[in-house]
Amino acid sequence: MEDATNSPQQPGSIRAIRRDGFFAVIPPAARWFGLTGAIPFMVLSFGGEFLSPAHQSYAQFSLMAYGAVILSFLGGVHWGRAIVPPERGRLEDKTLWGPLAISVTPSLFGWGALLVPGFIALPILAASFAAMLLIDLFMVRIGSLPEWYGNLRVILSAVVVASLLFAWV
C-alpha cells in the first residue's frame, strides 16, 4: 500500500492543500493583500457590537457594502479568466457564456443584498461568499486557477463568512 504523503496529488485536492500548508504556497503579496482585505469584515462585524445603536446600523451597512464590493471583485477573477485567450486560436463566443455568467452573478447578489434589510442581506452575502468559494475550488481543481488561490480563498472565506454570520446574529 502506497503512503498517502508520498503519492502524487491532484492539483487542488484537499491532500495537496494540506501537504504544503495553507500559507506556505500563497505568494506573500497575495497573502498580505488578502488578509488585510479581511480586516474590514472583522472590524465592522465584531467592532460594531461595541458601538452605540445609532452607529451599529452604520457599521452594518458598511459591512454589507464592503461585502458587495468584494463579491464583485471575486466575480472579476472569473471575468479575467474568461477573457484570457487560449494558447492557440481565439476566444470563441460559445465558451464565454458560462465563465462570464459566473463572473457577473456575484455583483448582482451583492447589489441585491444592499436593497434589503440587514437581517436578510447578511445571510445572502455569507451564502454568496460560500458559493463563490465552491466555484473557485472547482476551478482550482480543474486547473483553471492556481492552487495557491484556492488555499487563500479557503482562509479568507472562513473569516468573511464567520464575520457576516456574527453580524447577523
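What follows draws every value from the coordinates through simple rules; no lab data is involved. Quick caveat, the model's predicted, so the values are computed rather than measured. All Cβ positions, even for glycine, are placed from backbone atoms using ideal geometry, and neighbour counts span all protein chains on display.
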Exercise for the section: Express the C-alpha Rg of the stretch 26-169 as a ratio against the empirical globular expectation 2.2 N^0.38 Å, rounded to two decimals. Expected result: 1.13
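By how many nm would the segment from TRP97 to MET42 grow when fully extended, if each residue of separation counts as 0.36 nm and the alpha-carbon distance is taken off?
Gain on stretching TRP97 to MET42: 16.3 nm.
Order of 149-156, 105-112 by packing, highest average Cβ count within 10 Å first?
149-156, 105-112
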